[in-house]
Amino acid sequence: MGEPKIAWITGGSTGIGLAIARALAADGYRTVISARNPALLEEARGQVTAEGHGCEAIALDVTDRAAVNAAAADILARHGRIDVLVNNAGFNSQKREWNDLVPEEFDAVLAVNVTGTFNAIHAVLPAMREQRNGLVINISSGAGKQVGVGAGVAYTVAKHGVHIMSKLLNQTELKNGIRCCIVTPAFVRTRAHDWRPEDVRQYMLQPEDVARAVRFAVDSPPHTAVLELEIGWSPV
């Protein structure tokens, strides 16, 4: 059967990231999950391994470029390749509009969603170019496709940046066998939306819905480029 392919999922300790790790592990990938909280990360790793799949955990903050580079180097040293990178780590502020926006939180939102995504992509690109194969999946949001006050100034700017970054990656790297897919879900029922009323939360997407879309992109053959998957929800 050969060695399993390697998938690295940032923000992999809970919610969408954990669901993606479980889905890809079930599909035969050796998964590496990273997140800031070591305890949650170890708990998530335990869930994946309890299902009979290989999973490793690396505690890191995606805004720390040196830590991200070290994580990529560690994965490559142990496995020799990184086949899939899923940029799922994200953050939004509760103070979202101009009248209550906190500049430091604006910086933090951009640091995680934009710079963090860049850091991980930049760390894996040399290996993927050498392999002449690789898939980058950026988990985005409807806020990256439209402008509205609900998502907030910082998050809207950040996710638009992720969309542009993804398109530029395809423009320059498809010729090197590297593809990038943006997965754009509507609201997903995770802890980030605990503050919303239950009559809204009951209709939200589940993390597994996003994982299913990621798995579709990952399962697509190398000669196809699934550029974007947008997932909505319906109150039925």
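The values are calculated or read from the model by the stated rules, or taken from the named source; none is laboratory data. These numbers come from a predicted model, not from an experiment. Positions of Cβ are generated from backbone atoms using ideal geometry, with glycine treated the same way; all protein chains shown enter the neighbour counts. Each accessible area value is taken on the protein alone, full model and side chains, heavy atoms only, with ligands, DNA and RNA left out. Shrake-Rupley method; radii C 1.70, N 1.55, O 1.52, S 1.80 Å.
For the chain, which span is the longest to avoid every loop-located (per DSSP) member of chymotrypsin sites (Phe, Trp or Tyr not before Pro) having at most 11 other Cβ atoms inside 10 Å?
1-97
Provide the per residue accessible area, probe 1.4 Å, for the stretch 55-95, rounded to a whole number of square angstrom.
With all protein chains present, the stretch 55-95 gives 42 Å² per residue.
So what is the relative contact order of the stretch 25-110, in percent, for Cα pairs below 8 Å that sit 6 or more residues apart?
Once divided by the residue count of the stretch 25-110, the mean separation gives 21 percent.
Could you tell me the extents of the stretch 1-99's C-alpha atoms along the three principal axes, largest first, rounded to whole Å?
58, 28, 21
Treating the Cα atoms of the stretch 111-173 as identical point scatterers in vacuum, please give the log10 of the normalised Debye intensity I(q)/I(0) at q = 0.24 Å⁻¹, two decimals.
-0.98
In whole percent, and with a 1.4 Å probe on the protein chains, what portion of the accessible area of the chain is carbon and sulfur?
The computed percentage sits at 55.
Less than 17 Å from a label point 7 Å out along the Cα-to-Cβ axis of Glu130: which backbone N atoms in the stretch 48-79 qualify, by residue?
69-79
Report the extension gain between Gln146 and Ala73 in nm, rounded to one decimal, defined as 0.36 nm multiplied by the number of residues separating them, less their alpha carbon distance.
Between Gln146 and Ala73, full extension yields 22.7 nm more.
Between His122 and Gln206, what is the FRET efficiency for a Förster distance of 35 Å, r being their Cβ-Cβ separation, to the nearest 0.05?
So, using R0 = 35 Å, E works out to roughly 0.65.
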